[in-house]
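The values are calculated or read from the model by the stated rules, or taken from the named source; none is laboratory data. Note that the structure is a prediction, hence the values are computed from the model and not measured. Cβ placement follows ideal geometry from the backbone for every residue including glycine, while neighbour counts extend to all protein chains displayed. These accessible areas exclude ligands, DNA and RNA; they are computed on the full protein's heavy atoms, side chains included. Shrake-Rupley method; radii C 1.70, N 1.55, O 1.52, S 1.80 Å.
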Amino acid sequence: MKFSIDWLQEYVDTGDLTPEALSDHLTMLGLEVDSVDPLFPELKNLLTVKVLEVESHPNADKLSLCQVDTGEEVLNIVCGAPNVREGLITAFAPVGTIMPDGTKIKASKVRGIKSFGMLCSERELGLSESHEGIMELPADTEHGQPLLTALGMDDLVVEVDLTPNRPDCASVIGIAREVSGITRTPLTRPVEKASLDINRSFFSVDVENNELCPRYTAKLIKNVTIGQSPWWLRKRLLSVGLRPINNVVDITNFVMMEYGQPLHAFDYDQLAGKQIIVRNPRSDEKSFTTLDGEKRDIDPDMLLICDAEKPVAVAGVMGGLYSEVTDKTTNILLESACFNPISIRKTARKLNLGSEASYRFERGVDPGGCLVVLERAANLLCEIAGGEKTEGGADYYGGVRPLNSQTLRISRTASLLGIDLDYDKIADHLTSIGIRCKPKDDDTLWVNPPTFRVDIEREVDLVEEVARLVGYNNIPTTLPTVHLSYPDKDSKRELRAGISILLADTGFTEAINYSFVTEKHLEMMLLADDDPRRNLVQLLNPLSEEQSVMRSMLLPSLLENLKRNNNFQKSAVKLFEVGKVFTPQGENEQPVERDRLTCILSGRRSGESSYLYNDNAGVDIFDAKGTVELLLETLRLRGCGKEDVVTIRLPEDDECENYSESNQCLILDSPKGIVGQVAKLVGSVAKEFGIKQDLYFIDLDFDLLCDLKTTAKNFTSLPVFPAIKRDIALLVPVGTKAGDMLETIKKSKEKFIESCDIFDVFQGKTLEKGMKSIAVSVTYRSPTKTLTEKNVNKSHTKLINLLTSKFNGSLREG
């Protein structure tokens, strides 16, 4: 949006505000000023001169030799304009001037006579397309002064970057209203109020869609004379970058820039049936020729202005070629309307026709200002074009909405802005920009936003208005209050992250699979018919048959991952996944989601490392068991106290899964239930997935792991006294479990035992049939003294007796 300072001051007294201060104020009001530039800076070196003498050029019939007075000197000028004459005041470009088209004026000989400058036409100055002769200034214009001063164009142009929610400021009066709120000086408008008597004797208006056209007003102006606009009007348009055309078009453009309401002038005599019909295109209306002569395709959802026979304009965007105002026009039907912003925006984009009118209609114009603008334009047409207003006109307002009254709480406003406010302060600010208000109670105001403020829809919009008018720079800066409390962490998320890091450190790679899987997995895993995991959540609109259900277990997806790795000749694979499994709960109920942790191990124990340093041994059940033990110890669920929270045991009847090898399966048990299992995958299941190598898996209930109470950490001082190690090698029946022997040692009442470990299990021909050798290393230490041989021998003897009696064993000799 552009305006000149001089134009602005027609409506509001800016007082002692400098252009810089005015720009700062507007920017702080939310109307960001992009630039403040002089008007026509390229004309700053031009002067007004008086032609003293005119003689015919001795060497050219169509050239004249002129003597011109610049106020300081008299110069010879060669001129070819037919209207040059003695006493004429005109525009002069001295030597060295750079013209708007880039031409540099030089002293040069023209047909043998030297010329010291150039007398200029309006087209050469960029003021109009007139080139019939040089510019003629009023006879009383003082010569020798800057041309811009003589033309009243020694002014500044301000360009404001408007936000889409402020269409009320897309006019000079809209900007003036904001300035009035700053300076607290009255706003003066050429027309304050207007009324219109409905008169259908000259024409009629029908609106078929009041959603797309809430208001349509029109008035007939007769006996206009088309001609050039007076200089003051052309100057206003030139100052904002609009090209003057003729007095009628210039008036509609001027009033649009003045009030922000686009207008359109139809040649009344070209309207068939003297009717205006606002409607959508008929089925047979596929194209329309606009003012620029282009034939454009139209859509059924576009809004057209039509006469009794045909469309004459695209509503809010551009007029038609066959109803435009021409030099022969004498009667004008003047339109001032309000159209649906969304409809205009879509139409302008589809037709690729952006204009000053569509710019304003797209953002929303004031439906309450149509008559005022119509009256203003009609008055100017009578004044400048010699027209005559007919009585009455048309005013359709079937789609105008009632005023959107709002309540504004004083306490709420003060709280949001962080400043002290009362009724008088708020009312003073709001009324300064035309927003009426009155008290409702001690803490509330009734506010009636004017119709030109289409952006005010709720209380918070009014709070924003108060903030703007108080001044954002006058609102104290307050840092937010932040409590110095450490946010609670999600223990489950922390545990998941820790487990992921631990498994990655031990050589595993995390896999992330889709929750959508195929139902075939259940058959491939040999699940029993009554297995609850067969009850699946079906997808209503699956991506494919392979992703038709939500998974009830993680292992099948990891087996698919292993197969893919094998296909790429990667046989040593360790993968894990922490993810959700889903159990349906019934119709219209969300499924239960539980997290599980599943790992798989397959191939060489040493992975892809060189055979030079590692053997070719494959993983076995003990690798999987070791991974679980490390995990449980890290989580302090095992091996961190006298009692393990999670124990590892052999499966009982029916505890082993159908897809697990029963002789290589371990159950993880806890006080809250079975945590999971470690096992070797049945070969037939592996074959179903296309896997030809042994595979071991770990499948744990992650949610249950998170619910278990871990062993508290106990810290003791470092030992001061030395330890003594003794070994025990016992011959025991083959069925004896080495782990049971360790548990017996740990639970014995010998106070000097610090730790114990198995370091050898042996079976062979050298031993008695049905027997095996288990060797245990026991560490003794006292926290209060150095142990003697006597102390250790006594405890060690008791321990040997305990083991031999409990496990029916004997000491192994040699």
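To make sure I understand the rule: partners must be aspartates and glutamates, Cα under 13 Å from the Cα of Lys713, and not fewer than 8 residues away in the same chain. Which ones qualify? Within the straight-line limit of under 13 Å, Lys713 reaches these aspartates and glutamates: Glu633. When nucleic acids and ligands are ignored and a 1.4 Å probe is applied, Met524 ends up with an accessible area of around 30 Å². Solvent exposure of the chain amounts to 52 Å² per residue of accessible area, where only protein heavy atoms count and the probe is 1.4 Å.
Take the Cα of Lys806, step 7 Å toward its Cβ, do the same at Thr225, and the gap between the two points is 12.7 nm. In terms of accessible area, using a 1.4 Å probe and ignoring ligands and nucleic acids, Thr711, Thr48 rank largest first as Thr711, Thr48. I need the shape label for the stretch 511-660. Rule: rounded when a/c is under 1.5, else prolate if a/b > b/c, else oblate, with a, b, c from the alpha carbon gyration tensor. Cα axes put the stretch 511-660 in the oblate bin. Would you list, by chain and number, the aspartates and glutamates whose Cα falls below 19 Å from the Cα of Lys489, excluding same-chain residues fewer than 8 positions away? Qualifying aspartates and glutamates at Cα under 19 Å: Asp595, Asp703, Asp707.
Within the same chain, lysines fewer than 8 places from Lys425 are excluded, and of the rest, those with a Cα less than 21 Å from its Cα are Lys438, Lys440.
Between the helical axis of 738-747 and the dominant principal axis of the chain, each derived from Cα atoms, what acute angle in degrees is found, rounded to the nearest 10? The angle comes out at about 90 degrees.
Computed over the alpha-carbon atoms, the chain gives an Rg to Rh ratio of 1.28, Rh here being the Kirkwood radius from the mean inverse distance. Calculated FRET efficiency, Ser355 and Ala60, Cβ-Cβ r, R0 41 Å, to nearest 0.05? The computed FRET efficiency comes out at 0.35. Residues of the stretch 425-446 falling in the label zone of Arg412, defined by backbone nitrogen less than 11 Å from a point 7 Å along Cα to beta-carbon, are 444-445.
Using heavy atoms of the protein chains and a probe of 1.4 Å, the accessible area assigned to Arg360 is about 10 Å². If R0 is taken as 25 Å, the Cβ-Cβ distance between Ile419 and Thr185 corresponds to a FRET efficiency of 0.50.
Above 15 Å, the calculated P(r) of the stretch 760-802 contains 59 percent of its Cα-Cα pairs. Take the chain and mark each of the chymotrypsin sites (Phe, Trp or Tyr not before Pro) that is in a DSSP loop with at most 11 other Cβ atoms within 10 Å; the longest unmarked stretch, sites excluded, is 1-567. Which of the residue pairs Lys737/Lys769; Lys725/Lys794; Lys570/Lys692; Lys737/Lys806 have a Cα-Cα distance greater than 23 Å in the structure shown? Those over the limit do not exist; all pairs fall within it. Could you check how much of the accessible area of the chain is carbon and sulfur, as a whole percent, using a 1.4 Å probe? Reported share for carbon and sulfur atoms: 48 percent. When only DSSP loop residues count, what trypsin sites (Lys or Arg not before Pro) in the stretch 403-440 have their Cβ near at most 13 other Cβ atoms within 10 Å? Of the trypsin sites (Lys or Arg not before Pro), not one in the loops of the stretch 403-440 has a Cβ with at most 13 other Cβ atoms within 10 Å. With the convex hull drawn around the C-alpha atoms of the stretch 451-566, the volume per residue stands at 335 Å³. Dimensions of the stretch 699-814 along the principal axes, based on C-alpha atoms and rounded to the nearest Å, stand at 47, 47, 20, largest first. Between the stretch 1-57 and the stretch 148-189, the C-alpha centres lie 12 angstrom from each other.
At 1.4 Å probe size, what's the solvent-accessible area of Glu73? Round to the nearest 10 Å². The value for Glu73 is about 100 Å².
Per-residue ellipticity at 222 nm, computed for the chain from helices alone with -39500 (n - 2.57) per DSSP H run of at least four residues, works out to -7500 deg cm²/dmol. Reducing the stretch 580-616 and the stretch 384-458 to their Cα centroids gives an inter-centroid distance of 65 Å. Size descriptor for the stretch 498-581, Kirkwood hydrodynamic radius: 14.2 Å (Cα pairs only, one decimal). Cross-link pairs exceeding 20 Å between alpha carbons, from the set Lys520/Lys625; Lys625/Lys772; Lys746/Lys798; Lys286/Lys328; Lys44/Lys104; Lys492/Lys574: Lys520/Lys625; Lys625/Lys772; Lys286/Lys328; Lys492/Lys574. Of the residues Asn793, Leu666, Ala686, the one whose Cα sits farthest toward the positive end of the charge dipole of the chain, with +1 on the Cβ of Lys and Arg and -1 on the Cβ of Asp and Glu, is Asn793. Rg over Rh for the stretch 1-88 works out to 1.28, using Cα positions for both radii and the Kirkwood form for Rh. Ranking Leu162, Val179, Leu127 by Cα position along the charge dipole of the stretch 82-240, where only Lys, Arg, Asp and Glu carry charges on their C-beta atoms, puts Leu127 farthest toward the positive end.
Shape of the stretch 150-252 from its Cα gyration tensor (a ≥ b ≥ c, root eigenvalues): rounded if a/c is under 1.5, otherwise prolate when a/b > b/c, or oblate? Since a/c reaches 1.5 but b/c is at least a/b, the shape of the stretch 150-252 is classed as oblate.
For the stretch 307-413, just say rounded, prolate or oblate: build the C-alpha gyration tensor, square-root its eigenvalues into a ≥ b ≥ c, call rounded for a/c under 1.5, and beyond that prolate if a/b exceeds b/c, oblate if not. Oblate, because a/c is 1.5 or more while a/b does not exceed b/c. Computed from Cα atoms, the angle from the helix 621-634 axis to the main principal axis of the chain rounds to 70 degrees.
Between the helical axis of 247-259 and the dominant principal axis of the chain, each derived from Cα atoms, what acute angle in degrees is found, rounded to the nearest 10? For helix 247-259, the angle is close to 40 degrees.
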